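Q: One structure follows; several queries about it will come next.
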Amino acid sequence: MADGRVPVVWSDAHVHHAPTLQAISGVNHPHPEVPARPRVVFEALVAADVADVTPADTVVDAVIDRVHARAYREFVREACESLATDEQIIPEGVSTDPAVLMSDRWATRASFFAFGTDAPLMPETYTAARSAVDVATTGARLVGPNAPHVFALCRPPGHHAEYDRMGGFCYFNNAVIAAMELLPAGRVAILDVDYHHGNGTQHLTYDRDDILYVSLHADPQFAYPGFSGSKAERGIDAGEGFNHNFPLPPRTAIDVYEAVLIEACRRIADFSPARLVVSVGFDTHADDPIAMFALASGDFARVASPIAGLSIPTLHVLEGGYALERLGESAVSYVGSLV
């Protein structure tokens, strides 16, 4: 980064995944996870001259299958391939009964592989989710002493995706897949600064002692996903003590957020990881339409600063952020403090 730029990994293979509906309590609503999200960030970083654009390389399916159930990945692929142009299915609730897999309806079968109804499937959804993995893994292979910070513009996001269940707009867990790519260099920490708790990332790392998960997020008592993210969740078996949640109240502003982030970074420093993955969510912005924090665009420099201060080779992975008019300026503020 001697030239003041950060490698930014990019692909536009996701653009035809354009969900229009999400079901909330049985009612359909417009879907906020739109194709323009990474494009807005990409164009802002290029215009600010802080990005070295790098295309994504395709990885083999085995990279996904060591994190997610192969049957789950193949279901997403087969379902998407079966859909007609412009067709869109929403999982019909959530089921743990394998009998639903015998249904002749994809939406019914999808209920077995979903923990919610907010991750619809379209003909291009698998291609998009697959490309997000390519972006994340390309970033993981770039990060190191010669590239201490790399930004992977993943879409769709990933931190809600569990071992064999989609939800929260997420299909494959880009951050955990990247962390697995980084493990040969040594232990990995994942810091999640998205507004919502990364239930998928916690789920996938909860029994591990080689991947530390630390998350700042809205208290699950009032925010999605609601069923994970409490302070009491500390890991199990070998992973006990390697999971740290910092739930925060509504309208949290930068002074409180930064103080908690500094403590989170101290936990990471104590872990002494060889590499760090940051799940970056710009939905902590005050203008985000589906969140309730109070950060301003310029505050993301103060989010990036303690992360950069760890001096650990770091892969930054795009997660949430749905206020399109604020995404670009927030990203420039954040990345500008890494260089």
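Every read-out reported here was derived from the displayed coordinates using simple, explicitly stated rules and does not represent laboratory data. This structure is a prediction, so every number in the text was calculated from the model and none was measured. Ideal geometry is used to build each Cβ from the backbone, glycine not excepted, and the neighbour counts take in all protein chains shown.
Q: If R0 is 56 Å, what FRET efficiency do you get for residue 262 and residue 21 from their C-beta distance, rounded to 0.05?
A: Efficiency, from the Cβ-Cβ distance: 0.90.
Q: Assuming R0 = 30 Å, can you tell me the calculated FRET efficiency for the pair residue 58 and residue 87, based on Cβ-Cβ distance, to the nearest 0.05?
A: FRET efficiency, residue 58 to residue 87: 0.70.
Q: Looking at segment 163-281, what % of its DSSP beta bridges pair antiparallel, to the nearest 5?
A: Approximately 5 percent, going by the DSSP bridge assignments.
Q: Follow-up question, since we're still on this one. If the only charges are +1 at each Lys and Arg Cβ and -1 at each Asp and Glu Cβ, what is the size of the charge dipole of the chain around the Cα centre, to the nearest 20 debye?
A: Value, rounded to 20: 440 debye.
Q: On to the next question. Within 13 Å, Cβ to Cβ, of residue 140, how many net charges do the neighbouring residues add up to if Lys/Arg are +1 and Asp/Glu are -1?
A: Surrounding charge for residue 140 is -1.
Q: Also, quick follow-up: Order these peptides, 65-76, 254-265, 206-217, 168-179, by their mean beta-carbon neighbour count within 10 angstrom, highest first.
A: Those peptides, ordered most packed to least, come out 168-179, 206-217, 65-76, 254-265.
Q: Once fully extended, how much extra length lies between residue 47 and residue 240, figured as 0.36 nm per residue of separation less the alpha-carbon to alpha-carbon distance?
A: 65.1 nm
Q: Ok, one more. To check you understand DSSP bridge types, tell me what percent of the beta bridges within the chain (both residues inside) are antiparallel, rounded to 5.
A: 15 percent
Q: A further question on this structure: Please work out the FRET efficiency for the pair residue 221 and residue 311, using the Cβ-Cβ distance as r and a Förster radius of 25 Å; give the result to the nearest 0.05.
A: Efficiency, from the Cβ-Cβ distance: 0.10.
Q: Choose one of 314, 145, 42: the residue whose Cα lies farthest towards the positive end of the charge dipole of the chain (beta-carbon charges +1 Lys, Arg; -1 Asp, Glu; about the Cα centre).
A: Result: 145, furthest along the dipole toward the positive end.
Q: Okay, next question. By the gyration tensor of its Cα atoms, with a ≥ b ≥ c the square roots of the eigenvalues, what is the shape of segment 9-82: rounded for a/c under 1.5, prolate for a/b over b/c, or oblate?
A: Judged from the Cα gyration tensor, segment 9-82 comes out oblate (a/c at least 1.5, b/c at or above a/b).
Q: Once a ≥ b ≥ c are taken as the square roots of the eigenvalues of the Cα gyration tensor of the chain, is the result rounded (a/c under 1.5), prolate (a/b larger than b/c) or oblate (a/b not larger than b/c)?
A: Taking the square roots of the gyration eigenvalues as a ≥ b ≥ c, the chain is rounded.
Q: Over what distance in Å are the Cα centres of segment 146-184 and segment 308-339 separated?
A: 15 Å
Q: While we're looking at this one, here's another question. Mind running the shape call on segment 165-276? Use the C-alpha gyration tensor, a ≥ b ≥ c as the square roots of the eigenvalues: rounded below 1.5 for a/c, prolate if a/b tops b/c, oblate otherwise.
A: oblate
Q: Mind checking the full-extension length gain between residue 296 and residue 77? Use 0.36 nm per residue of separation minus the Cα-Cα distance, one decimal, nm.
A: Extra length from residue 296 to residue 77 when fully extended: 75.0 nm.
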